[in-house]
Amino acid sequence: MIQKRRSKIHGAGVYATRAIPKNTRIIDYAGEKISHGESLKRERRYIRNGRHIWCFTLSTRTVIDAGVGGNIARFINHACRPNCYIEIKDGTIWIRAARTIKKGEELTYDYNTDGDGLIPCQCRPDCQRLL
């Protein structure tokens, strides 16, 4: 249903290999479950070493680090006008289709960050949001 390849948004991305109907569960966001404290330590280390951060908050106590044991869901890029949304159910983060996604279309969801990373959004040329 999906595959990783070069993205027009940023680096690698995930693309639909067939049409995906609205509300379909596409993939879970897999990785190692860690505490928020451990996540902050890892994020600082990842930034210092020039690596990507693939930490996703699961709950008030738990973060999933897709850099350890993750799948291709970690390559789904941010967009302020996404075609996917997140559903957290029974300790699993699901990426779901917000609308029908066409074959060949890049999957995106809103990362909903607080902007502390000061990473400029790249979802479209005129976007001014910081992630």
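Any idea what % of Cα-Cα pairs in the chain are farther than 25 Å? It works out to 23 percent of all Cα pairs.
Projecting the Cα atoms of 15, 67, 85 onto the charge dipole of the chain, computed from C-beta unit charges around the Cα centre, puts 15 farthest toward the positive end.
As an exercise, find the ratio Rg/Rh for segment 46-87 from alpha-carbon atoms, using the Kirkwood inverse-distance average for Rh.
0.99
Taking the C-alpha atoms only, the angle from helix 36-48 to the longest principal axis of the chain is near 80 degrees.
Which entries of 4/33; 8/33; 41/89 have Cα-Cα distances beyond 28 Å here? List each step's numbers first, then the result.
Details: 4/33 23 Å; 8/33 30 Å; 41/89 26 Å.
As for pairs spanning more than 28 Å Cα to Cα, those are 8/33.
Computed with a 1.4 Å probe over protein heavy atoms only, the accessible area of residue 103 comes to about 150 Å².
For GluC sites (Glu not before Pro), the sites in segment 29-110 that DSSP calls loop and that have at most 15 other Cβ atoms within 10 Å are 105. Would you tally the net charge around residue 17, using a Cβ to Cβ cut-off of less than 13 Å, leaving residue 17 out, and scoring K and R as +1, D and E as -1? Neighbour charge sum, excluding residue 17 itself: +3.
The values are calculated or read from the model by the stated rules, or taken from the named source; none is laboratory data. Bear in mind that the values here come from a model prediction, so they are computed numbers and not experimental data. Positions of Cβ are generated from backbone atoms using ideal geometry, with glycine treated the same way; all protein chains shown enter the neighbour counts. Accessible surface is based on the protein model in full, side chains and every heavy atom, while ligands, DNA and RNA are left aside. Shrake-Rupley method; radii C 1.70, N 1.55, O 1.52, S 1.80 Å.
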